[in-house]
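One structure below.
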Amino acid sequence: MKRIFAMLSLLLAVLAGFSACGGEQPTPNEPVLPATTREEIENLLTTDYIVGYLWYCDGLPEKGELTEDEYLPVDEESGYATLRDLQELLEKTYTPAVAAELLENKDTLGRPRFTERAGTLYKSSRPVFSRYYWDYDAESVTITGETADRITFTVEMENLHTGEKLPLTRSAEKTAEGWRLTEVGIAAAEAGLTAVAAEETRAVAERFVAALAENDTETIAACAGETPETYENWKGMTIPAAEITETLEEYDGCGRYRVHLTVENAFSVFARGEEDYLLIVQQEQGREAPVVCYFEPMEKIAYNYSEDRDDPACEMALLFLQSQGGMRFSGSFWLDRGTATDFALTMLYAENEGKTAFTAEEVAAAAEKYMGLSGFAPDESYLGPEGYFLPGRAARSMPHLLLWPSYGDGSGRTLVKAEIYSDHLNVQNCQGYLFAFYPNGDGSLRLASVK
């Protein structure tokens, strides 16, 4: 019988327990285990699933108000009223070392994930979440090795967001209390997914670099997520050598690589001679595979692809582009009230994390500070019951944007150049923008124009 535990099923049903599957006939290559041992493993996977739900998916229901330090009281009807209740769940599932580590689990601020106050269990409102919900198929359990004190087995995990199946190798150790797992399934699945994604990212980078040297324009386009004919005009380029010389960073869905390029003739797309380039490959929303999204000289890295993000003018320009798109104006006084209100609120949101509504006075002050508009009256279409707010919307996606570091023009202004292309390698159909900022007395900047 196949058993799948849906992560979104009612928690009480999960806590009530599931009936164990009967012993299965081993395959010729699978060690023969007593039916009770196999049943123990499947029961361990059941409680492992529960732990994953409680620890990594915030599955404990709360009942009560948020405390000043952002903890929530746990509903006693969940079956977990004290830290001891959680400890018992962990100790019957994992080895002592793993159970102790989970009990000391931290939230995103480095504080205890769970704590007990005056006999009541509290959970942090800032947990470290799993990226995905995971489930497992008990029928897929295959014993791969057994000794007197250790069993290894494979089990298939299912990503409930994508439907992807991920086989994992798990193990259980014999303790005085019986068999215990050596890791949490959800954490293992996330790590396995990260490893797979890193391999895919590296493979795309290597194919792209090889295609440059081979002048294989269709593969170059495929690696960049573009149609086969996108870089047809690159045929005939002469790039004798292209090599990844350093992996700067490589993690789930993103890789940053140093590439040494030797160019004899690249039609001015790449400079003649030898030079190091920054290659970035990353997974984009809606795409099945990672793509090349940046390939530019290391000497000057676009701000939005840099690891050093401390340029106030660039940050302000980026916020404007994300909120208003490619709007141009020669002076902030030419902005209509709606646009000015929208951008003032955008800046207020950026500097007041967690706050969602503002008074007319606050919006007017932001309009003067960030756009030089004195005596500003906010557009009342942004007014809600609690104040002025931005209606729900996603920031504009700009996967082909290059935002270059700011510089002074010698007359007191700070300038930022932005370029928006139609392709991932940033060579086609460029639209250029020049942002101009003036300094305020407090050191902040105000946007004067976008041309």
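The values are calculated or read from the model by the stated rules, or taken from the named source; none is laboratory data. As the structure is a computational prediction, the values presented were derived from the model and not from experiment. Neighbour counts are summed over all protein chains in view; Cβ atoms, including those assigned to glycine, are modelled from backbone coordinates with ideal geometry. Ligands, DNA and RNA are stripped out before the accessible areas are found, and what is left, the full protein with its side chains, is counted by its heavy atoms. Shrake-Rupley method; radii C 1.70, N 1.55, O 1.52, S 1.80 Å.
Could you figure out which of (1) part of a helix (DSSP H, G or I); (2) within 26 Å of the chain's Cα centre (by Cα) isn't true of Leu90?
(2)
Mind checking whether some residue in the range 64-78 is of a type in the set (A, V, I, L, M) and open to solvent by 20 Å² or more (accessible area, probe 1.4 Å)? Even if it seems obvious, please write down each step before you answer.
Step one: of the range 64-78, the residues of a type in the set (A, V, I, L, M) are 66, 72, 74.
From what is left, the residues that are open to solvent by 20 Å² or more (accessible area, probe 1.4 Å) are 66, 72.
The answer is yes; a qualifying residue exists.
Can you confirm whether Leu248 is open to solvent by less than 40 Å² (accessible area, probe 1.4 Å), in contact with a Phe, Trp or Tyr (Cβ under 8 Å, 6 or more places away or on another chain) and either of a type in the set (A, V, I, L, M) or not in a helix (DSSP H, G or I) (or both)?
Values: open to solvent by less than 40 Å² (accessible area, probe 1.4 Å): no; in contact with a Phe, Trp or Tyr (Cβ under 8 Å, 6 or more places away or on another chain): yes; either of a type in the set (A, V, I, L, M) or not in a helix (DSSP H, G or I) (or both): yes.
The answer is no for Leu248.
Going through Glu232, Glu206 one at a time, which residue ends up being of a type in the set (D, E, K, R), open to solvent by 10 Å² or more (accessible area, probe 1.4 Å) and more than 25 Å from the chain's Cα centre (by Cα)?
Working: Glu206 fails: more than 25 Å from the chain's Cα centre (by Cα).
Criteria check complete, one pass: Glu232.
Condition first: among the acidic types (Asp, Glu), assigned to a strand (DSSP E or B) and under 21 Å from Glu288 (Cα atoms). Now tell me which residues in the range 157-185 satisfy that. Lay out the reasoning, then the answer.
Step one: of the range 157-185, the residues among the acidic types (Asp, Glu) are 158, 164, 173, 177, 183.
If we keep only those that are assigned to a strand (DSSP E or B) as well, we get 158, 173.
Within the range 157-185, just Glu158 meets the criteria.
Would you confirm whether any residue within the range 185-194 is modelled with pLDDT under 95, of a type outside the set (Phe, Trp, Tyr), open to solvent by 40 Å² or more (accessible area, probe 1.4 Å) and farther than 25 Å from Gly145 by Cα?
yes
I need the helices (runs of 4 or more DSSP H) fully contained in the range 294-381, keeping only those with at least 3 residues that are among the acidic types (Asp, Glu) and more than 30 Å from Leu248 (Cα to Cα). Before the answer, list the steps.
Values: elements: 312-324, 337-351, 360-371.
Counting at least 3 such residues, we get 360-371.
Within the range 251-282, restricting attention to residues that are open to solvent by 40 Å² or more (accessible area, probe 1.4 Å) and among the small types (Gly, Ala, Ser), which residue is farthest from Glu299 (Cα to Cα)? So that I can check it myself, show each step before the final result.
To start, the set of residues in the range 251-282 that are open to solvent by 40 Å² or more (accessible area, probe 1.4 Å) comprises 251-252, 258, 260, 264-265, 267-269, 271-272, 274-276, 282.
Checking the rest, the ones that are also among the small types (Gly, Ala, Ser) come to 268, 271.
Numbers: Ser268: 17, Ala271: 12 Å.
Residue satisfying both the conditions and the ranking: Ser268.
Which condition number does Leu181 fail, the rest of (1) at pLDDT 80 or above; (2) touching a strand residue (DSSP E or B) at 6+ places or on another chain (Cβ under 7 Å); (3) open to solvent by 60 Å² or more (accessible area, probe 1.4 Å); (4) among the aliphatic types (A, V, I, L, M) being met?
(3)
Given the residues Arg258, Arg272, which is the only one that is over 21 Å from the mean Cα position of the chain (by Cα), without any contact (Cβ under 8 Å) to a residue 60 or more places away in the chain and farther than 21 Å from Pro405 by Cα?
Numbers: Arg258 fails: farther than 21 Å from Pro405 by Cα.
Criteria check complete, one pass: Arg272.
When you scan the range 28-41, do you find a residue that is open to solvent by less than 70 Å² (accessible area, probe 1.4 Å), more than 20 Å from Asp107 (Cβ to Cβ) and at pLDDT 85 or above, even just one?
Scanning the range 28-41, I find at least one residue that is open to solvent by less than 70 Å² (accessible area, probe 1.4 Å), more than 20 Å from Asp107 (Cβ to Cβ) and at pLDDT 85 or above, so the answer is yes.
Consider Glu275 carefully, then state whether it is over 30 Å from Thr346 (Cα atoms), modelled with pLDDT of 95 or more and in a loop (DSSP other than H, G, I, E, B). Reasoning before the result, please.
Details: over 30 Å from Thr346 (Cα atoms): yes; modelled with pLDDT of 95 or more: yes; in a loop (DSSP other than H, G, I, E, B): no.
It is false that Glu275 is over 30 Å from Thr346 (Cα atoms), modelled with pLDDT of 95 or more and in a loop (DSSP other than H, G, I, E, B).
Take Leu402 and decide whether it is open to solvent by less than 60 Å² (accessible area, probe 1.4 Å) and in a loop (DSSP other than H, G, I, E, B). Walk me through it before giving the result.
Values: open to solvent by less than 60 Å² (accessible area, probe 1.4 Å): yes; in a loop (DSSP other than H, G, I, E, B): no.
When the stated conditions are applied, Leu402 does not pass them.
May I ask you to list the residues in the range 193-243 that are of a type in the set (Ser, Thr, Tyr), in contact (Cβ under 8 Å) with a residue 60 or more places away in the chain and assigned to a loop (DSSP other than H, G, I, E, B)?
Filtering the range 193-243 down to residues of a type in the set (Ser, Thr, Tyr) leaves 194, 201, 217, 219, 227, 230-231, 238.
In the following step, the residues that additionally are in contact (Cβ under 8 Å) with a residue 60 or more places away in the chain were identified as 201, 230-231.
Selection gives Thr230, Tyr231.
Checking Pro385 against (1) modelled with pLDDT of 95 or more; (2) open to solvent by 40 Å² or more (accessible area, probe 1.4 Å); (3) more than 29 Å from Tyr303 (Cα to Cα), which single condition isn't satisfied?
For Pro385, the failing item is (1).
What residue, of Thr201, Thr154, Thr175, Thr147, is within 29 Å of Ala97 (Cβ to Cβ) and either of a type in the set (Lys, Arg) or touching a strand residue (DSSP E or B) at 6+ places or on another chain (Cβ under 7 Å) (or both)? Please lay out each step first, then the result.
Numbers: Thr201 fails: within 29 Å of Ala97 (Cβ to Cβ); Thr175 fails: either of a type in the set (Lys, Arg) or touching a strand residue (DSSP E or B) at 6+ places or on another chain (Cβ under 7 Å) (or both); Thr147 fails: either of a type in the set (Lys, Arg) or touching a strand residue (DSSP E or B) at 6+ places or on another chain (Cβ under 7 Å) (or both).
Checking each option against the conditions leaves just Thr154.
Can you pull out every residue in the range 325-350 that is open to solvent by 30 Å² or more (accessible area, probe 1.4 Å) and over 18 Å from Gly375 (Cβ atoms)?
Narrowing the range 325-350 to residues open to solvent by 30 Å² or more (accessible area, probe 1.4 Å): 326-328, 330, 333-334, 336-337, 349-350.
Gly326, Met327, Arg328, Ser330, Tyr349, Ala350, listed by residue number.
Which residues, taken from the range 48-65, are under 28 Å from the mean Cα position of the chain (by Cα) and either part of a helix (DSSP H, G or I) or without any contact (Cβ under 8 Å) to a residue 40 or more places away in the chain (or both)? Steps first, answer last, please.
Step one: of the range 48-65, the residues under 28 Å from the mean Cα position of the chain (by Cα) are 48-62.
Across the range 48-65, the qualifying residues are Asp48, Tyr49, Ile50, Val51, Gly52, Tyr53, Leu54, Trp55, Tyr56.
Looking at Glu362, Glu368, Glu307, Glu380, which one is among the acidic types (Asp, Glu), loosely packed, with under 13 Cβ neighbours inside 10 Å and more than 26 Å from His424 (Cβ to Cβ)?
Numbers: Glu362 fails: loosely packed, with under 13 Cβ neighbours inside 10 Å; Glu368 fails: loosely packed, with under 13 Cβ neighbours inside 10 Å; Glu307 fails: more than 26 Å from His424 (Cβ to Cβ).
Only one candidate qualifies: Glu380.
Please specify each residue of the range 93-113 satisfying the condition of being within 31 Å of the chain's Cα centre (by Cα) and assigned to a helix (DSSP H, G or I). Talk me through it step by step, then tell me what you get.
Step one: list which residues in the range 93-113 are within 31 Å of the chain's Cα centre (by Cα), which gives 93-95, 97-113.
If the condition is that a residue be within 31 Å of the chain's Cα centre (by Cα) and assigned to a helix (DSSP H, G or I), then Ala97, Val98, Ala99, Ala100, Glu101, Leu102, Leu103 are the ones that fit.
From Gln285, Gln322, which residue is surrounded by fewer than 19 Cβ atoms within 10 Å (Cβ to Cβ), within 24 Å of the chain's Cα centre (by Cα) and closer than 29 Å to Lys451 by Cβ?
Working: Gln285 fails: closer than 29 Å to Lys451 by Cβ.
Of the residues listed, the single one that is surrounded by fewer than 19 Cβ atoms within 10 Å (Cβ to Cβ), within 24 Å of the chain's Cα centre (by Cα) and closer than 29 Å to Lys451 by Cβ is Gln322.
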